[in-house]
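First comes the structure, then the notes that go with it.
The values are calculated or read from the model by the stated rules, or taken from the named source; none is laboratory data. From a predicted model like this one, the values you see are computed outputs, not experimental measurements. Note that we place each Cβ from the backbone using ideal geometry, even for glycine, and neighbour counts take in every protein chain shown.
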Amino acid sequence: MKPFFIGMVIGWIVLPVIGFLYLRFGYVPVAVNGPVIPFEELLAGSAIQAKIAREAPTKAAFPASEENLVAGAKIYREQCVECHGQPGGTPSVISKGMYPPPPQFFERKVMGNDPVGQNYWIVANGIRLTGMPGYRQSLTEQQLWQVSQFVSNRGNLPDSAK
């Protein structure tokens, strides 16, 4: 019974105290170029995907019309290109200094068409501790959908939106 009790004390008191002290005294790597914390990508990525899957709209409020895609392209150029890049462009100085690095949407390896509701949720709400701001207070509902449609349809844009 005594070893069990000692194990409980260690598990419930000592380990959380050690974790708190690790955080409190600055041992957690928080610099962009610091080492990745164990399970950081797994935990953060899982939490983000689960939250978006639960809350993202399943239907777009505005269609992917040529007019909306052109408007979305203009918003993207004004608000997003500095971090996410443009067709044929190289990653910016800002994007090279971010962790996690923002997706460069026009590189071949990320040219897929993401669900528009997922992109809408991300654009509207942002993602904490990634550098991705939420634009809900800065853009209108229509603008949020336009830029989301542009990003979601970036692999199949009409010439006017390119």
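At-a-glance table
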item	result
Criterion violated by Gly88 - all others in (1) small (Gly, Ala, Ser); (2) assigned to a helix (DSSP H, G or I); (3) assigned by TED's automatic domain parsing to the domain that holds Ser152 satisfied	(2)
Tabulated pairs, region 27-50, first touching a residue at least 40 places away in the same chain (Cβ under 8 Å), second assigned to a loop (DSSP other than H, G, I, E, B) and not small (Gly, Ala, Ser), C-beta under 6 angstrom, 6+ apart or interchain	Val32/Tyr99
Residue check for Gly72: at positive phi and at pLDDT 85 or above	no
Counted residues, region 115-162 - those being of a type in the set (S, T, N, Q) and farther than 24 Å from Ser46 by Cβ	10
Members of region 111-131 that are surrounded by fewer than 20 Cβ atoms within 10 Å (Cβ to Cβ) and of a type outside the set (Gly, Ala, Ser)	Met111, Asn113, Asp114, Pro115, Gln118, Asn125, Ile127, Arg128, Leu129, Thr130
Residue count, region 1-53 (criterion: loosely packed, with under 10 Cβ neighbours inside 10 Å, small (Gly, Ala, Ser) and closer than 15 Å to Pro100 by Cα)	1
